[in-house]
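One structure is given below, encoded as structure tokens.
The values are calculated or read from the model by the stated rules, or taken from the named source; none is laboratory data. Computed from a predicted structure; not experimentally measured. Here Cβ is always computed from backbone atoms with ideal geometry, including for glycine, and neighbour counts include all displayed protein chains. Remember, those area values only see protein heavy atoms, side chains included, never the ligands or the DNA or RNA. Shrake-Rupley method; radii C 1.70, N 1.55, O 1.52, S 1.80 Å.
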Amino acid sequence: MSEPRVLAIETSCDETAVAVLRGQTLLSSEVASQIAIHQAYGGVVPEVASRNHLRTLKPVIQSALDRAGVALSEIDAFAATSGPGLASSLMIGTSAAKGLAVALGKPFLAINHLEGHLLSPFFGHAEGIQRAVALVVSGGHTLLVEIRGFGDYRLLGQTLDDAAGEAFDKVGKLLGLPYPGGPEVNRMAAHGDPRRIEFPRSMLGSGDFQFSFSGLKTSVRYLLPKLGQYALADVCASFQEAVVDVLVAKTLAAAAATGCRCLAVSGGVSCNTRLREKLKAGCAARGLELLLAAPALCTDNAAMIGYVAALKHAVGESSPLSADINPNLRLASL
Ligand code: KG4
Ligand code: ZN
């Protein structure tokens, strides 16, 4: 029997994404980004996002099928992100996946977006999912998790206020950079001096695995009247260094505390070149294995949702059609 084909839809925020997998092999992964649309507002406008998902989803499904060389009738299961995210956006993707599942008489799988990010570093990895400390750093979340196996996760810590990506985006906005600020700050920082301004490393010595980034953002705000005294590249590099130092120190401490010899890092902020650099150095010095999701799997995509769906489908799991979206879904609800 041929391996099952899964079609996965991700519409939790502003990316309309569809992927097709055969077993655990990725056949296609399409992402229609709405960044250009939301840039005019300096952030994601939920109503605009859901209207665009509605307009874009059908053609994106078709192009994912075409690229995979698979007909809709050959799909064995339909999956969609059910949370966390924007309610009106989640609704579009899950309704489409449920509708297709009903029409074709195939199972539906509701997938937790956070589990998608969490497991994305293992996608395509020969050894599959292994025991690891995972850092998930995105626009909405900053989590440290101990992965003991598929579906067996222990939350070690998370942010008490802003997520790391949210801090990048808010600081980018304060500095007059286009939305989203993360990649822009990263680009500017490449030419700056990370030691020019000594920003606070919040909760570095707290002895736990919690994070806080709102104080750092406030420090940048206080600097605004004096901004003329500094090169923008230096401000970006110094801010980025403060975020990265805390993320790397806490992740390495979590590895030491749990005895895990592997780090799995994912989410949009894990595209950050300085974070990747410092994680690589930290892991090399301690003999730890570092699994970083490929950049295309770091920011929101449907391939990571399809990967979790394929793993669930393989063990006979599916979701009832009554399974509702949950904008506030947490990893603990897994
Ligand atoms: O995972 P993601 O696409 O969406 C969420 O689930 O939130 O993450 C998006 C976040 C945004 O805050 C964006 O600014 C940030 O990831 N990001 C970056 C970089 N690329 C994306 N932050 C810092 N450096 C980057 N290179
Ligand atoms: Zn995400």
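So the values come out like this:
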{"read-out": "Separation of alpha-carbon centers, region 123-147 and region 76-101, rounded to whole Å", "value": "23 Å"}
{"read-out": "Label-point separation, E277 to Q210 (7 Å along Cα→Cβ), nm", "value": "3.2 nm"}
{"read-out": "5 angstrom amide H check on T159, placed H, neighbours 5+ away", "value": "T142, F211"}
{"read-out": "Accessible area (Å², 1.4 Å probe, nearest 10) - R330", "value": "140 Å²"}
{"read-out": "Y222, Y153, Y307, ranked by accessible area, largest first (probe 1.4 Å)", "value": "Y222, Y153, Y307"}
{"read-out": "GluC sites (Glu not before Pro) within region 40-119: DSSP coil, no more than 14 neighbouring Cβ in 10 Å", "value": "none"}
{"read-out": "DSSP beta bridges in the chain [antiparallel fraction, %, rounded to 5]", "value": "60 percent"}
{"read-out": "Probe 1.4 Å - accessible area at T218, Å² to nearest ten", "value": "50 Å²"}
{"read-out": "Surface share of carbon and sulfur [accessible, 1.4 angstrom probe, percent] for the chain", "value": "53 percent"}
{"read-out": "Estimated [θ] at 222 nm from DSSP helical runs (n ≥ 4, -39500 (n - 2.57)) normalised by residues in the chain, nearest 500", "value": "-13000 deg cm²/dmol"}
{"read-out": "Set of region 286-329 residues, backbone N closer than 19 Å to the point 7 Å along the Cα-Cβ line of R148", "value": "none"}
{"read-out": "Inter-label distance, nm, simple model (7 Å from Cα along the C-beta direction), S2/A231", "value": "5.7 nm"}
{"read-out": "Largest to smallest accessible area among E317, E127 [probe 1.4 Å]", "value": "E127, E317"}
{"read-out": "Convex hull projection area averaged over all views, the chain, Cα basis, nm²", "value": "16.6 nm²"}
{"read-out": "Residues S63 and A103, FRET efficiency given R0 of 22 Å [Cβ-Cβ distance, rounded to 0.05]", "value": "0.65"}
{"read-out": "Gained length - T25 relative to R286, 0.36 nm times residue gap less alpha-carbon distance", "value": "90.7 nm"}
{"read-out": "Probe 1.4 Å, protein heavy atoms only - accessible area per residue of the chain in square angstrom", "value": "41 Å²"}
